[in-house]
Amino acid sequence: MTEINKADASHQLRLIVPDPDLPGEKLRESRRVASLDIFRGLTVALMILVDDAGGERPMIGHAPWNGCNLADFVMPFFLFIVGMAIPLAFKRIPDKPRAIWKVIFRTIKLLFWGVLLQGGYSHAPDKLTYGVDMRMIRWCGILQRIALAYLVVALIEILTKDGQARDVSRNWFSVFKMYWCHWMFAACVIIVYSAVLYGSYVPDWEFAVTDTESVNYGKIYKVACGTRGKLDPPCNAAGYVDRTVLGINHMYQHPAWKRSKDCTLNSPYEGPFRDDAPKWCFAPFEPEGILSSISAILSTIIGLHSGHVLVHFKNHTARLMQWVLMGLSLLILGIILCFTHAIPLNKQLYTFSYVCVTAGAAALLFSAFYVLVDIWNLKIPFLPLKWIGMNAMLVYVMAAEGIFAGFINGWYYKDPHNTLVHWIQKHVFIGVWRSRRVGILLYVIFAEILFWAIVAGVLHRFGIHWKL
């Protein structure tokens, strides 16, 4: 994964950092920015946690609609990281056509893996079957969104780069002025996104229930909209754009909104639908859709700015002032927009308030890692996260996407239900109270993350990395 695995295999994430205790030091030490690897590893670990435990603890999983739970920070963190890695990879661009080709090639690989892993081809670990009905393939997904954001922001960086990395003053606006065209592009993204989201007319629409396990399979329902500017689940412009461009059959069939109070009495947990549940509860919705992916580019641009701060400022204090002030400003702005009901926090629509809150949190969290790891040199406690971050695509595919779990679950004795996974469920989870079950589950997830950290560390020790 590009944003996880650095922007280029031939570019190590290294900076020339002066010794803060020797202001007049001319010789500079080249060293890796370990905090970025650790932040990347933490994000992958969070993805494993929310995928495995989100169903047991709603505050861990995605918010059904408005709101921001732990899982809702994962995607923006990924996008922030990919943006931050771009200036480090392209500090010097001697050959722009070659750099552009690398970006395009890497984007194609991300799209390929995204469709393969999330398009419906792999049904592991539950069904242990492979293959996809092309009438129902899902075109969008996590890697596809990352690919789009990476392609756009990396091309902007390459095409606007003057070829020389320059030191800048401590002035707060110095980096903004140097890269003003990037922020002009970000403003255009906000304008286009807002114009479509609030200005598009959303007509009535209909759909057929495609879930073969549903009692309503095959039924056709109609949803009444005929409005514009709404941000509710059935009548928002983001869903309208995806239904029109992608086709409703190619959208995500199990959106988080099915856990909302309108749909189920068990909200925010999953459960059977209410008798009076609106028809749109049965419909698909694409959380990584076209319009929301355009807005998601903003998270990458904010990460790009943080990477520029890392490149151009050579003093720890100056860097931290830039990151912390930007992070706090974004966080406060997002909270104000949310609590004044101007713009709700919504991951499904990737609203501007959601961009501000999550990007601000990413900047502050990275600043904390930078202090602990790159300034205070406390690297040993974070080694597992660092190992994951340096071999993150392997962990993402095997753990977060469940490929390894599917492999393990595919071995059974006599009965297909006599597998390791079913044994654990039968002897550990069945009959256990929810509170105890959650505790046991968290121990299992922690062991899983530690296992993959050790695997990634061993592979790194032998110089083996899964980079796309």
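The values are calculated or read from the model by the stated rules, or taken from the named source; none is laboratory data. Here the structure is a predicted model, which means the values were calculated and not measured. Positions of Cβ are generated from backbone atoms using ideal geometry, with glycine treated the same way; all protein chains shown enter the neighbour counts.
I want to confirm something. Restricting to region 279-299 and keeping residues that are in contact with a strand residue (DSSP E or B) (Cβ under 8 Å, 6 or more places away or on another chain) and either of a type in the set (D, E, K, R) or not in a helix (DSSP H, G or I) (or both), which single residue is nearest to ASN249 (Cα to Cα)? Only one residue tops the list, namely PRO284. On the basis of being surrounded by 12 or more Cβ atoms within 10 Å (Cβ to Cβ), in contact with a Phe, Trp or Tyr (Cβ under 6 Å, 6 or more places away or on another chain) and within 19 Å of LEU291 (Cβ to Cβ), does GLY239 make the cut? So GLY239 passes the test. Filtered by the rule that a residue be within 19 Å of ALA71 (Cβ to Cβ) and touching a residue at least 40 places away in the same chain (Cβ under 8 Å), region 264-279 gives SER267, PRO268, TYR269, GLU270. Entry remark, region 304-361: residues being surrounded by 19 or more Cβ atoms within 10 Å (Cβ to Cβ), more than 18 Å from the chain's Cα centre (by Cα) and assigned to a loop (DSSP other than H, G, I, E, B) number 2 in total.
Anything in region 171-227 that is over 26 Å from ALA283 (Cβ atoms) and part of a loop (DSSP other than H, G, I, E, B)? List them, or say none. ASN171, TRP172, PHE173, TYR179, listed by residue number. For ALA283, are the conditions met, namely being more than 30 Å from LEU330 (Cβ to Cβ), in contact with a Phe, Trp or Tyr (Cβ under 7 Å, 6 or more places away or on another chain), of a type in the set (Gly, Ala, Ser) and in contact (Cβ under 8 Å) with a residue 24 or more places away in the chain? Against the criterion (more than 30 Å from LEU330 (Cβ to Cβ), in contact with a Phe, Trp or Tyr (Cβ under 7 Å, 6 or more places away or on another chain), of a type in the set (Gly, Ala, Ser) and in contact (Cβ under 8 Å) with a residue 24 or more places away in the chain), ALA283 qualifies. Please work out which residue is surrounded by the fewest Cβ atoms within 10 Å (Cβ to Cβ), limiting yourself to region 265-287 and to residues that are farther than 21 Å from GLY218 by Cα and modelled with pLDDT under 90. Per the stated criteria, the residue is LEU265. Counting residues in region 143-164 that are at pLDDT below 90, out of contact with any Cys (no Cβ under 8 Å at 6 or more places or on another chain) and surrounded by 14 or more Cβ atoms within 10 Å (Cβ to Cβ) gives one or more.
Of all residues in region 365-415, those that are aromatic (Phe, Trp, Tyr) and part of a helix (DSSP H, G or I) total 8. When SER299, SER267 are checked against the criterion of being in contact with a Pro (Cβ under 7 Å, 6 or more places away or on another chain) and over 30 Å from LEU372 (Cβ atoms), a single residue qualifies: SER267.
Note on region 29-81: residues that are of a type in the set (Asp, Glu), modelled with pLDDT under 90 and under 15 Å from the mean Cα position of the chain (by Cα) total 1. On the stretch given as region 61-70, residues that are among the small types (Gly, Ala, Ser) and buried (at least 22 other Cβ atoms within 10 Å of the Cβ) total 2.
Test ILE454 against the criterion of being under 27 Å from THR43 (Cα atoms), in contact with a Leu (Cβ under 6 Å, 6 or more places away or on another chain), among the β-branched types (Val, Ile, Thr) and at pLDDT 70 or above, and give yes or no. Taking the combined requirement at face value, the residue does not satisfy it.
Of everything in region 421-445 that is of a type outside the set (Val, Ile, Thr), closer than 25 Å to LEU46 by Cβ and surrounded by 14 or more Cβ atoms within 10 Å (Cβ to Cβ), the residue that is modelled with the lowest pLDDT is PHE429.
Okay, residues lined up against (1) outside any loop (DSSP other than H, G, I, E, B); (2) surrounded by 19 or more Cβ atoms within 10 Å (Cβ to Cβ); (3) not acidic (Asp, Glu):
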| residue | (1), (2), (3) |
| --- | --- |
| ALA45 | yes, yes, yes |
| VAL50 | yes, yes, yes |
| ASP72 | yes, yes, no |
| PRO94 | no, no, yes |
| ILE104 | yes, no, yes |
| THR107 | yes, yes, yes |
| VAL132 | no, no, yes |
| ARG135 | no, no, yes |
| ARG138 | no, yes, yes |
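Any idea how many residues of region 233-248 are of a type outside the set (D, E, K, R), more than 14 Å from GLY199 (Cα to Cα) and free of Cβ contacts under 8 Å to residues at least 40 places away in the same chain? Final tally of qualifying residues: 2. Look at (1) under 20 Å from ARG138 (Cβ atoms); (2) modelled with pLDDT of 90 or more and you find that HIS254 fails only one, number (2).
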